[in-house]
Each structure stands twice: as C-alpha cells, then as structure tokens.
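What follows is a set of notes on a single structure, which appears directly below.
The values are calculated or read from the model by the stated rules, or taken from the named source; none is laboratory data. All values derive from a computational prediction rather than experimental measurement. Note: ideal-geometry Cβ built from the backbone for every residue, glycine included; neighbour counts use all protein chains shown.
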Amino acid sequence: MEILKQAQDNDERVDLAALVEAIPYNKFLGIQVDQKGTEITTILPFIQQNIGNPVLPALHGGVIASLLETTAIIQIVYETKGAVLPKPIDLTIDYMRSGRPQDTYARARITKHGRRVMNVHVEAWQEEHTKLIAAAQGHFLIPALDEQN
Amino acid sequence: MDKEQIKERVDLIRDSLIQYVPFIKAIGMEVVDADIGKTWTRVPYADHLVGNPDTGVIHGGVISAVLDNASGVAVRLALEEDQSIATLDLRIDYMKPATPHVDLNAFAHCYKVTKNIAFVRSTAYHDDIDDPIATSVGAFMLAANRAAPPSAEAMQALMSAA
C-alpha cells in the first residue's frame, strides 16, 4: 500500500489512523485507532449498522471478528514496518459474551514473530478490560524479510 | 420437516435477515437457497467491503462475517423448533484472496446438533465450491439467551417501534 511504502521509504512508522482511514471496510465499520506510545488500541464506536441481533440487541459476530482481524493487521504492520498488508492464513475466534450496543476496544499481541508467518493473539472488550467479549488467535503471512524491498 | 415447512422456515429466516438485521442489510447479504441444515448465501461485491485499496480485494473480516452468518442460518435450518443461537467459536482458514468485482458465495452445512451445541462447516467461494476462498468450522450454543426465539412478528414490532 502506498501509505506503507511511503513510511518505509522515509524510515518512519506509518500513521495508523491514516492507514485505517485508507481501508474502505474499516471506515465502513467505523474503526478508529488510539496510540499511546507503543501501545495500540483499536476502537469500534457503537453504530446501529453493526447490529447483528436486533432483539437483544447485540453486535454482529462478524463485526467483532472483523475488529479482531483488523487489530492484528495493524499491530503487525506497526511492528514489522512492512510495505504491504499482511494476509490472513487462519483465525480462530472465541466468543465469550454478546457485544452490547456500546463502544468496543481491542488490542493485539504478537506471540511469535516468524520470518514469513506471524502468530498473533487479539482480545476485545467493552466497559471492563477483564471481561472479554471475544478473543482470537491467528496466523498472518508477511513477505519474508529478504524479499522486502 | 417436509419441503413446504422448509420453504416456510427459509422465507422467514430470509425475511428476518434482510429486513431486521442491520449489519446484514449493510453488507447486502442474501439467502439464495436452503435445505434442512444447509444454506447458500451471496454477498454482492461492493466498494465499502474492500480491505486492500491497491488491489480491490475484499477484507478478510467480510469473509468472516459471511461465514459466521451463513453458519448461523444453517443451524437455524437444522433445528426442529426455532430457538435463539450464539456463536461459541469459529475457525476460519483463508485459502486465496477473493477476486475483485466478483460476488462472494457461501455454503454452510450444520452437520450435527446435540442438546446444547450445533456444529457447522462453511465454505466461501466465487463459482466453484471446490476452489474455496475460505472455509470455516464453528460451534454454536443453542437456546443461548434462554429467551423465546424472535418471531418475524416480534421482530417487525420491535423494528417499527424503534
């Protein structure tokens, strides 16, 4: 992606807020990024459009999965300073609680930084960080270090 | 369930999907066909679903959402009586990127229902199900909210009140 390539050429960290803004699906969901030092938290402000169960009501599981995946991708991009977006290989999502109609937060941690494959753990919560609504473990493909230009 | 009953259930689920579930409406997902424990769904390609603006490939999250939803519909079509369900877990394997500007199809099969849990496999593809974009396996909790399942009438009343 152009924005990643530019950051890499200038030997800078990419502006994560601008990156999220440049990805149509993230913009459509309303995902935002909050960065405090090296700690990155994604925010999914509540919007009616993201409801999957209007009776409870609850956020759509797919919206939560999308937030988890995006959070993982952002974390990888930040840590690897790559010029291309990582590609998901697999993602296993555990749903612990229904997503209430309120703001949702997520944070990712890289569990194994391989040469081509990143193993990432992601957690999502709402009011209380200790009460997770969902968590995911996944693998993402990145261009091998020696293949990056 | 006989054919007529399946058709009734399919129509009910299709209508409640499209009219009353905001996110499904937002991504344009529709139920194309269905059988006992099986469903075929489609999401037309749209610019707001793109995950990589350089290539126009749709976001992996869209595929997760579609597989999750198709799986849920297959579970509801496998149950003798409609009840509320919740996704417990979902594992998704991404085999290849989706092709830009081509509709996404998903087939889901709920192959086992126990007292509390239903098990589902799903596949996302363009034209050929044997050349998948992604596959998933998931487990769903039955009677998840200990509440009566929302009937089409209840959903309608709820939405018109909102």
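Taking the criterion of being touching a helix residue (DSSP H, G or I) at 6+ places or on another chain (Cβ under 8 Å) and of a type in the set (Val, Ile, Thr), the residues of segment B:70-96 that qualify are B:VAL73, B:ILE85, B:THR87, B:ILE92. Of everything in segment A:67-102 that is under 18 Å from A:MET1 (Cβ atoms) and among the hydroxyl-bearing types (Ser, Thr, Tyr), the residue that is nearest to the other protein chains (Cβ to nearest Cβ) is A:THR70. Each residue in segment A:45-64 was checked for being in contact with a Leu (Cβ under 7 Å, 6 or more places away or on another chain) and either part of a helix (DSSP H, G or I) or away from chain B (no Cβ under 11 Å) (or both), and 2 of them qualify.
Looking across segment B:1-17, the residues that are under 19 Å from A:GLY52 (Cβ atoms) and surrounded by 15 or more Cβ atoms within 10 Å (Cβ to Cβ) come down to B:LEU12, B:ILE13, B:ARG14, B:SER16, B:LEU17.
You will find that of B:LEU88, B:LEU67, B:LEU77, the residue that is at pLDDT 95 or above and surrounded by fewer than 24 Cβ atoms within 10 Å (Cβ to Cβ) is B:LEU88 and no other.
Consider segment B:57-86 and keep the residues that are within 12 Å of chain A (Cβ to nearest Cβ) and either outside any helix (DSSP H, G or I) or without any contact (Cβ under 8 Å) to a residue 12 or more places away in the chain (or both). The one that is farthest from B:ASN116 (Cα to Cα) is B:VAL57. Looking across segment A:73-130, the residues that are outside any loop (DSSP other than H, G, I, E, B) and hydroxyl-bearing (Ser, Thr, Tyr) come down to A:TYR78, A:THR80, A:THR92, A:TYR95, A:THR104, A:TYR105, A:THR111.
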